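First comes the structure, then the notes that go with it.
The values are calculated or read from the model by the stated rules, or taken from the named source; none is laboratory data. Quick caveat, the model's predicted, so the values are computed rather than measured. With ideal geometry, Cβ positions are generated from the backbone for all residues, glycine too; neighbour counts draw on all protein chains shown. Calculation scope for accessible area: heavy atoms of the full protein, side chains included, ligands and nucleic acids excluded. Shrake-Rupley method; radii C 1.70, N 1.55, O 1.52, S 1.80 Å.
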Amino acid sequence: MLPKYKRILLKLSGEALMGDANYGIDPKVITQYAYDIKAVTDLGVQVAIVIGGGNIYRGMNEAETGIERAQGDYMGMLATVINGMALQSGLEKVGLYTRLQSAIKMEQIAEPYIRRRAIRHVEKGRVVIFGGGTGNPYFTTDTAASLRAIEIQADVILKGTRVDGIYTADPEKDKTATRYETITFSEVYQKSLNVMDMTAFTLCQENKLPIIVFDMNRQGNLLNVIMGKNVGTLVKG
């Protein structure tokens, strides 16, 4: 069987890197992600990644921290670069070629984000990790993922989370919640389902970019999604 998608943007949450800890980076999670990503690149799939920073720093309420929103957002962007470096190291340990690009200039550790260069890297089979969000405060890493996916002309956004798709209610709180296999953008709006922040979600809808929400922490799930198996929830149309 051939992969269903040729070029993907994989969105990973920073919190997922914590594993069972309360903060930081769990090496076991990095290793699992690295092997899962290698399994799809071995099929010729081109992979780009956006990763969050919530395991290190999450923008908090200004009233509680005394840190203004813009400053806190920049701190979060730096956290995404740290996670990107950790993931880069894990990917290279399993034999993958990688490039880390940052929306905030830091030449000693990452290339500046240049769209054409990023496309050329994935065409050559390198895994490109986009750090630093969009480079602007007030935008989430979900928005960065949507923007980069559109810019590099990815076929799909794969949003790896702790749950195996989009449910009628929070499955961790409501045991009667059922999973959608497929849902439209309009239905997500109508049912007020939490998939991505509204800016990111609207970008995908306007550019007809499908989103698949799936459980990245289950080994082999990424490959199953790439092969078109019934894993997670597909948002389209």
For this session: Any residue in the stretch 22-36 that's in contact (Cβ under 8 Å) with a residue 12 or more places away in the chain: show its pairings with residues that are open to solvent by 30 Å² or more (accessible area, probe 1.4 Å) and in a loop (DSSP other than H, G, I, E, B) at Cβ separation under 6 Å, as long as the two are six or more apart or on different chains.
Result: VAL29/GLY19; GLN32/GLN219
For this session: Report whether or not ILE166 is open to solvent by 20 Å² or more (accessible area, probe 1.4 Å), among the β-branched types (Val, Ile, Thr) and farther than 14 Å from ILE51 by Cα.
Result: no
Exercise. Which of the residues belonging to the stretch 167-193 are out of contact with any helix residue (DSSP H, G or I) (no Cβ under 9 Å at 6 or more places or on another chain) and under 27 Å from TYR138 (Cβ atoms)?
Worked result: ASP170, GLN190, LYS191, SER192
Exercise. Checking ALA154 against (1) among the aliphatic types (A, V, I, L, M); (2) more than 29 Å from LYS4 (Cα to Cα); (3) assigned to a loop (DSSP other than H, G, I, E, B), which test does it fail?
Worked result: (2)
For this session: With the condition kept exactly as written, say whether any residue in the stretch 63-75 is modelled with pLDDT under 90 and at positive phi.
Result: yes
Exercise. Does ASP42 fit the bill of being under 18 Å from ASN224 (Cβ atoms) and free of Cβ contacts under 8 Å to residues at least 24 places away in the same chain?
Worked result: yes
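What number of residues within the stretch 91-111 are part of a helix (DSSP H, G or I) and surrounded by 21 or more Cβ atoms within 10 Å (Cβ to Cβ)?
The number of residues fulfilling the criteria is 1.
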Exercise. Taking LYS4 and the conditions (1) open to solvent by 70 Å² or more (accessible area, probe 1.4 Å); (2) more than 22 Å from ILE150 (Cβ to Cβ), which numbered condition does it fall short on, given that it satisfies the others?
Worked result: (2)
For this session: List the number of the failed condition for ARG116; all other conditions in (1) surrounded by 13 or more Cβ atoms within 10 Å (Cβ to Cβ); (2) outside any loop (DSSP other than H, G, I, E, B); (3) at pLDDT 95 or above hold.
Result: (1)
Exercise. Counting just the residues of the stretch 186-237 that are hydrophobic (A, V, I, L, M, F, W, C) and more than 17 Å from the chain's Cα centre (by Cα), which one comes out least open to solvent (accessible area, probe 1.4 Å)?
Worked result: VAL188
